[in-house]
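**Q** The structure under discussion is supplied below as C-alpha cells; questions concerning it will follow.
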Amino acid sequence: MADVLTKEQRHKNMKSIHGKDTEIELILRKAIWKKGYRYRKNCKKLPGSPDIVLTKYNIAIFCDGEFFHGKDWEVLKTRLEKSNNSEFWINKILRNRERDDEVNKRLVFEGWTVIRFWGEDIKKHTDECVKVIEETIFDQIVDNTL
C-alpha cells in the first residue's frame, strides 16, 4: 500500500515542482550542448514556451513529466480514480494533455517541428533522445536543400 502523506508533506512535495530548469531539461540541454548544438530555453515567443528551441532548425522540444502530462493515461486515470481529490487531478491532467495537443498543432501550423520526450526516457536513454534530435535536424537540412 502506498504511503499516506500528511497535508504538509504533500504541500512541500508539490511546492518543489518547478516549470523550468527541471532535472530532465538540464540533462537533455547538457547532452545537446556537448554535441555542439546551440539553443534557446523556455522561449516565450512560441506557443507553449518550449523547454528547448533550436531556432536554426525550427525545432521545439518539450520535456514532459509522466504524471502531469498523463503518460499511459488509461492506467494513470484508473489509479487516480481511487485516490484523494481524484476529480481535480483527472481534470487537471486531461486539460494538460489537451493543451499539449493544441500547442503541438499551433507550432506545426507555424512551421515548427515538435519533439516531446518523457522524463524517464531522458533520464534513462539520453543518447537516444539526442539521436532523435539529430535525425530531425538532418531531415530539416535535407528538406531545405531539395
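The values are calculated or read from the model by the stated rules, or taken from the named source; none is laboratory data. Values in this document were obtained by computation on a predicted structure and should not be read as measured data. With ideal geometry, Cβ positions are generated from the backbone for all residues, glycine too; neighbour counts draw on all protein chains shown.
**Q** Can you tell me which residues in the range 40-55 are under 16 Å from V130 (Cβ atoms) and not in a strand (DSSP E or B)?
**A** If the condition is that a residue be under 16 Å from V130 (Cβ atoms) and not in a strand (DSSP E or B), then D51 is the only one that fits.
**Q** Can you pull out every residue in the range 78-136 that is within 14 Å of E66 (Cα to Cα) and over 14 Å from the mean Cα position of the chain (by Cα)?
**A** Within the range 78-136, R79, L80, W89, I90, K92, L94, K124 qualify.
**Q** While we're on this one: Just need a number here: residues in the range 120-146 that are modelled with pLDDT under 95 and either touching a strand residue (DSSP E or B) at 6+ places or on another chain (Cβ under 6 Å) or small (G, A, S) (or both).
**A** 0
**Q** Oh, and also: Which of the residues spanning the range 68-87 are touching a residue at least 12 places away in the same chain (Cβ under 8 Å) and part of a helix (DSSP H, G or I)?
**A** W73, L76, K77, L80, listed by residue number.
**Q** Given the residues E120, E110, E102, which is the only one that is out of contact with any Pro (no Cβ under 9 Å at 6 or more places or on another chain) and either under 14 Å from I61 (Cα atoms) or acidic (D, E) (or both)? Before the answer, list the steps.
**A** Details: E110 fails: out of contact with any Pro (no Cβ under 9 Å at 6 or more places or on another chain); E102 fails: out of contact with any Pro (no Cβ under 9 Å at 6 or more places or on another chain).
Being out of contact with any Pro (no Cβ under 9 Å at 6 or more places or on another chain) and either under 14 Å from I61 (Cα atoms) or acidic (D, E) (or both) holds for just one of E120, E110, E102, which is E120.
**Q** Would you please name the residue that is nearest to V103 (Cα to Cα), looking only at residues in the range 50-67 that are in contact with a helix residue (DSSP H, G or I) (Cβ under 9 Å, 6 or more places away or on another chain) and without any contact (Cβ under 8 Å) to a residue 40 or more places away in the chain? Before the answer, list the steps.
**A** Taking the range 50-67 first, the residues in contact with a helix residue (DSSP H, G or I) (Cβ under 9 Å, 6 or more places away or on another chain) are 50-52, 54, 56-67.
Remaining after also requiring without any contact (Cβ under 8 Å) to a residue 40 or more places away in the chain: 51-52, 56, 67.
Numbers: D51: 13, I52: 14, K56: 20, F67: 19 Å.
Restricting to residues being in contact with a helix residue (DSSP H, G or I) (Cβ under 9 Å, 6 or more places away or on another chain) and without any contact (Cβ under 8 Å) to a residue 40 or more places away in the chain, the top hit is D51.
**Q** Suppose we filter E87, E81, E23 for residues that are in contact with a Lys or Arg (Cβ under 9 Å, 6 or more places away or on another chain), surrounded by fewer than 14 Cβ atoms within 10 Å (Cβ to Cβ) and modelled with pLDDT under 95; which single one remains?
**A** Working: E87 fails: in contact with a Lys or Arg (Cβ under 9 Å, 6 or more places away or on another chain); E81 fails: in contact with a Lys or Arg (Cβ under 9 Å, 6 or more places away or on another chain).
None of the other options fit; the residue is E23.
**Q** Ok, one more. Sort through I90, I115 and tell me the only one that's free of Cβ contacts under 8 Å to residues at least 60 places away in the same chain and not in a helix (DSSP H, G or I).
**A** I115
**Q** Which residues, taken from the range 18-49, are without any contact (Cβ under 8 Å) to a residue 60 or more places away in the chain and closer than 18 Å to E102 by Cα?
**A** N42, C43, K44, K45, G48, S49
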